[in-house]
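Since every read-out is calculated from the coordinates, none of them should be taken as a lab result. On a predicted model such as this, the values are computed, not experimentally measured, just so you know. Please note: Cβ atoms are built from the backbone with ideal geometry, for glycine as well, and neighbour counts cover all protein chains shown.
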Amino acid sequence: MTTIVILSINNALPSALMGIKDILALSGLHFVQKSDGNASAKIDWKPTVILASHDGKPITDGHGRNFEVDSDLDAVGHCDAVLVPGFVPDRQGCPPYSMTDSLTKSWLKACHRQGTLVCGSCSGVFALGEAGILNNRRCTTTWWLHDELKMRFPKANAEWASELIDDHGVISAGGPLSWVTITLHIIKQLAGIETAKVVADFSVVDSVPKSQNLYVPEGYQTSKNPFLEKAEYAIRKAHYQSVSARDLSRIMAISERTLNRKLKELTGETPKSFIDGVRISHACTLLVTTKKPVKEIAFSLGYSDDSVFRRLFKQKMKMTPLNYRQERVHS
């Protein structure tokens, strides 16, 4: 029997608390069947889903309402996955400090040691940080919380605006609704790809998560730091010319080693990844505001081979340049 715990903490998003349970319930409905159309090929994976708070008492959700739970943590025993939903942010857009007590931290650590999938959605990732689970692990959160995550948990290897990261069972994703992405990922890990796909189709959601880069306001990251702003300007200014890490370090009047260190500190990226990110961001603007062919856009950004540009674009944006243009122009 598979057991999945939804960790219920004060200020949590109520939509996530019940939404996770709703999606998991779809996998057990008798009329949901596999995509081969065979009436006998039913999905029979029926996980036990438990809403649990540290003491089993109702929590106060992020909108100030009492939210009933099923159990306290001590009574749960073994579980295969635990999900921490995001929290309603304060006026500064940040999650609360000290959201977990010592019992919850210890319980999360124990789950992690036992091989449980430990997951944080949006600001729920911060609860994993408080338990020390993010130390020396790759993780992500919502784009506007990236700097806050790095400040609170400097030992975490936080990556900017990733859609989902699974670092040996420590799973994180960004966006208040990223609990959908994480829940489908858990189904994939525990019940297989076919079950995850069917549940995604039946829920009418994407089984492949979209990149956060689709939603980050242009220039948001660089506008917060003069060094990044200068570096981005240099890359954008190099019209029809390629820019290497060596070129950028020369323009910035620093060594390549210093460039690599500063970009790693500020963005978590290598110089090459940062340069490509700026170019792809510029490409997104050109795809929507002009009718230039993709090949011409690629050349104007310094790519001598447009197939390289197309591959990088799809890698970062999770869709082709033409699909991006169609989606944005008609939205």
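A value for P(r) over Cα pairs in 20 Å bins from 0, in percent was derived from the coordinates, and within the list (1) 33, 50, 10, 6, 1; (2) 29, 51, 19, 0; (3) 30, 60, 10, 0 it appears as (2). Hey, what did the range 3-212 get for relative contact order, percent, Cα under 8 Å, at least 6 apart? 19 percent. Comparing Cα centroids, the range 244-259 and the range 154-201 end up 35 angstrom apart. Residue-wise HN-Hα couplings along the range 45-62, as the Karplus relation 6.51 cos²θ - 1.76 cosθ + 1.60 with θ = phi - 60° gives them from phi, are 7, 10, x, 7, 10, 10, 8, 10, 10, 4, 10, x, 8, x, 9, 9, 6, x Hz; Gly and Pro carry x.
Among 91, 310, 138, the largest mean-square fluctuation in a Gaussian network model of the chain (Cα springs under 10 Å) belongs to 91. Positive end of the dipole of the chain (Cβ unit charges, origin at the Cα centre): among 281, 54, 240, the Cα lying farthest that way belongs to 240. Determine the percent antiparallel among the DSSP beta bridges restricted to the chain, to the nearest 5. Of those bridges, close to 30 percent are antiparallel.
Here the mean projected area of the convex hull built on the C-alpha positions of the range 225-276 is 3.1 nm².
Considering only 146, 78, 185, the mean-square fluctuation computed in a Gaussian network model of the chain, springs between alpha carbons under 10 angstrom, is largest for 78.
Membrane-span-like helices of the chain, defined as complete DSSP H segments with a Cα extent of 20 Å or more along the helix axis and a mean Kyte hydropathy of at least -1.0, are identified as 271-289.
Which is farthest toward the positive dipole end of the range 217-329 among 249, 231, 293, measuring Cα position about the Cα centre, with Cβ charges +1 (Lys, Arg) and -1 (Asp, Glu)? Working it through, the farthest residue towards the positive pole turns out to be 293.
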